[in-house]
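The values are calculated or read from the model by the stated rules, or taken from the named source; none is laboratory data. Source: prediction; values computed, not measured. Note that each Cβ is placed from the backbone with ideal geometry, even for glycine, and that neighbours are counted across all protein chains shown.
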Amino acid sequence: MHERRFHRAIERLRDPERIDRLEIARVVKVTLEGPIKPQSVLDVGMGSGLFAEAFSAEGLLVAGVDANPEMIPAAISFVPAGVFKTGIAEELPFNDDEFDLVFMGLVLHETDDQVKALQEAFRVCAKRLAVLEWPYEVQEFGPEMEERIREEEIQRWAEAAGFTSNKGIHMKNLMLYLLDK
């Protein structure tokens, strides 16, 4: 179970080329837009804390969860005030509606049960889930096509999980889905 989780060197997560491809500042800006006015965020699959660090810089209280226990000290080193735990997207170790915003950055395609992961995100978020994923298209980087998720699937799963609105936004290299309660 959870064989698809990230097992490579933590340093690769902070490779400048990868960071550029992620458009972190733009993703965070778009994620925070609208009427939600979040004060807290849970970063699911936070890795070394790239997005947690960016959300913290915007003044949000940050927590994170990752299936790989080696990621916890890495994330803490970049976001010392964050609360980081080992866990999986399908069983988040947090309370109902504990966070205004839940963020899943390039992790949904790695989960064993995408609908269960979205249901768990719905449970712990009070306002919005933002899902950053690879587009369903051939690219020179990222996972193979069989690991990529079609936009229609994410929308269908979001509805099944209980989200009342969802919007897909094309980024330069990725897709950002804003799923509101």
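Residues that are of a type in the set (Lys, Arg) and in contact with a Phe, Trp or Tyr (Cβ under 6 Å, 6 or more places away or on another chain) do not occur anywhere in region 120-128.
What about residue 90, is it touching a helix residue (DSSP H, G or I) at 6+ places or on another chain (Cβ under 8 Å) and at pLDDT below 95? No.
For region 36-58, the condition holds for at least one residue, the condition being that it is at pLDDT below 95, over 19 Å from residue 126 (Cα atoms) and in contact with a Leu (Cβ under 6 Å, 6 or more places away or on another chain).
Out of the residues in region 172-181 that are under 16 Å from the mean Cα position of the chain (by Cα) and within 21 Å of residue 36 (Cα to Cα), which is surrounded by the fewest Cβ atoms within 10 Å (Cβ to Cβ)? Filtering region 172-181 for residues that are under 16 Å from the mean Cα position of the chain (by Cα) and within 21 Å of residue 36 (Cα to Cα), the one surrounded by the fewest Cβ atoms within 10 Å (Cβ to Cβ) comes out as 180.
Output yes when any residue across region 20-27 is surrounded by 24 or more Cβ atoms within 10 Å (Cβ to Cβ) and either touching a residue at least 12 places away in the same chain (Cβ under 8 Å) or among the aromatic types (Phe, Trp, Tyr) (or both), and no when none is.
The first filter runs over region 20-27 and keeps only residues surrounded by 24 or more Cβ atoms within 10 Å (Cβ to Cβ), leaving none.
No, there is no match, as no residue in region 20-27 is surrounded by 24 or more Cβ atoms within 10 Å (Cβ to Cβ) and either touching a residue at least 12 places away in the same chain (Cβ under 8 Å) or among the aromatic types (Phe, Trp, Tyr) (or both).
Within region 74-98, residues that are on the phi < 0 side of the Ramachandran plot have Cβ atoms under 7 Å from residues that are of a type in the set (Lys, Arg) and surrounded by 12 or more Cβ atoms within 10 Å (Cβ to Cβ) in these pairs: 90/116; 93/85; 96/123, counting only partners at least 6 apart in sequence or on another chain.
In region 153-164, is there at least one residue being on the phi > 0 side of the Ramachandran plot and touching a helix residue (DSSP H, G or I) at 6+ places or on another chain (Cβ under 9 Å)? Break it down stepwise before answering.
Taking region 153-164 and keeping what is on the phi > 0 side of the Ramachandran plot, we get 162.
Next, from what is left, pick out any that are touching a helix residue (DSSP H, G or I) at 6+ places or on another chain (Cβ under 9 Å): 162.
Within region 153-164, one or more residues are on the phi > 0 side of the Ramachandran plot and touching a helix residue (DSSP H, G or I) at 6+ places or on another chain (Cβ under 9 Å).
Residue count for region 15-43, restricted to those that are of a type outside the set (Ser, Thr, Tyr), assigned to a helix (DSSP H, G or I) and in contact with a strand residue (DSSP E or B) (Cβ under 7 Å, 6 or more places away or on another chain): 2.
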